[in-house]
1. Any idea which residue in the range 49-77 is modelled with the highest pLDDT, counting only those that are assigned to a loop (DSSP other than H, G, I, E, B) and within 9 Å of ligand 2 (Cβ to nearest atom)?
2. Filter the range 61-76 for residues that are within 12 Å of the chain's Cα centre (by Cα) and among the polar types (S, T, N, Q); which is nearest to ligand 1 (Cβ to nearest atom)?
3. Does C30 satisfy being over 16 Å from H79 (Cβ atoms), surrounded by 13 or more Cβ atoms within 10 Å (Cβ to Cβ) and free of Cβ contacts under 8 Å to residues at least 60 places away in the same chain?
Amino acid sequence: MSRYSKDWQQIALTIKDQAGWRCSKCRCQCLRPGDPTKHLTKSERTKITLTVHHHNRMPEDNRPENLIALCTSCHLSYHNRKQSNIPPGQLSFDF
Ligand SMILES: [Zn+2]
Ligand SMILES: [Zn+2]
């Protein structure tokens with residue numbers, strides 16, 4: 001987690017905003033901050049939570065061209081498909 005810079009939350013928010021809170025891969029509409037989630041189950045909520053992926057898998061590299069907004073399931077498939085230095089269990093830090 002220390003590999004993420006301290007303004008990561010702000011950077012990630014900017015990327016998600018620019019993406020219109022849609023996944024860049026499957027284009028699904030994800031939750032925005034403040035969206036009501038009470039009617040959703042935890043797994044439904046997780047599915048439409050937008051995350052930010054590092055193209056080069058370097059969490060230190062926060063250049064906009066290295067960052068891509070992905071929903072949780074697309075994000076997981078990215079990490080499952082290729083060799084990754086970020087274990088899937090740590091993906092929650094990648095939000
Ligand atoms: Zn997606
Ligand atoms: Zn990622």
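The values are calculated or read from the model by the stated rules, or taken from the named source; none is laboratory data. Here the structure is a predicted model, which means the values were calculated and not measured. Don't worry about glycine lacking a Cβ; one is built from the backbone with ideal geometry, like all the others, and counts go over all protein chains shown.
1. Result: H55.
2. Restricting to residues being within 12 Å of the chain's Cα centre (by Cα) and among the polar types (S, T, N, Q), the top hit is S73.
3. For C30, the condition - over 16 Å from H79 (Cβ atoms), surrounded by 13 or more Cβ atoms within 10 Å (Cβ to Cβ) and free of Cβ contacts under 8 Å to residues at least 60 places away in the same chain - is met.
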